[in-house]
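Since the structure comes first, as structure tokens, the remarks are kept for the end.
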Amino acid sequence: MLENLAINGRDLLVQIGGFLLLFLLLSRYLFSPLSEAIEDRERRIKGKMDEAERNALEMQNMREEYQRRLATIETEARDRIQSAMKEAMATKDEMLETARSEAEKLLSRGRQEMERDRQKMMVEMRDKVVDLAILAAEKLIEKNIDDRSHRALIDDIIEHGVRPS
């Protein structure tokens, strides 16, 4: 049958052997290194993709951590501001209470001083009235006058004070 097709069997066998030999040589020296280079490149690309994924995940984690820290800092700042405001209000209230207390003390001291001065003036007035009464009595004793003259003399002494004789 090969003869009908004008194919020489021996040539066919040589060509098949040559093809197999060429295939083996190409497989060993061309396809293997080329396949290894392709696999190596695939591994490097996969490694870079994995690294990019890890970096993206790390960046996401860092962003979340940054946002948490920022929220914590904002909360702490807000708390510190509120604490400072409360402290300022407490200090203000304390200062107002101290001022009120001091004012009450001053007012109380003033009232006490006024009462002492009033008492002192009352004593002085009593002394003056007693002195006036004594003077009036002395004058009455010196002059023997009637009741009407006596009253006029006392009124005069009260009105104008005591005049030495």
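Readers should treat all values here as calculations from the given coordinates under stated rules, not as data from a laboratory. Note that the structure is predicted; figures quoted are calculated from it, not measured.
Could you work out which residue, out of Arg44, Arg78, Arg68, moves most in a Gaussian network model of the chain, that is, has the largest mean-square fluctuation with Cα springs under 10 Å?
Arg44
Once every DSSP H run of n ≥ 4 in the chain is given -39500 (n - 2.57) and the sum is divided by its residues, what mean residue ellipticity at 222 nm do you get, rounded to the nearest 500 deg cm²/dmol?
About -32500 deg cm²/dmol.
³J(HN,Hα) across the range 115-122 via Karplus (A = 6.51, B = -1.76, C = 1.60, θ = phi - 60°), whole Hz, x for Gly/Pro?
3J(HN,Hα) across the range 115-122, in whole Hz: 5, 4, 4, 5, 4, 4, 5, 5.
Normalise the Debye intensity by I(0) for the range 9-160, one equal point scatterer per Cα, no solvent, then take log10 at q = 0.09, 0.11, 0.15, 0.21 Å⁻¹ and round to two decimals.
-0.78, -0.88, -1.02, -1.22
For the range 85-142 and the range 39-79, compute the distance between their C-alpha centroids and round to whole Å.
What the calculation gives is 80 Å, centre to centre.
Could you tell me how many degrees, from 0 to 90 and to the nearest 10, lie between the Cα long axis of helix 9-26 and the main elongation axis, the longest principal axis, of the Cα atoms of the chain?
20
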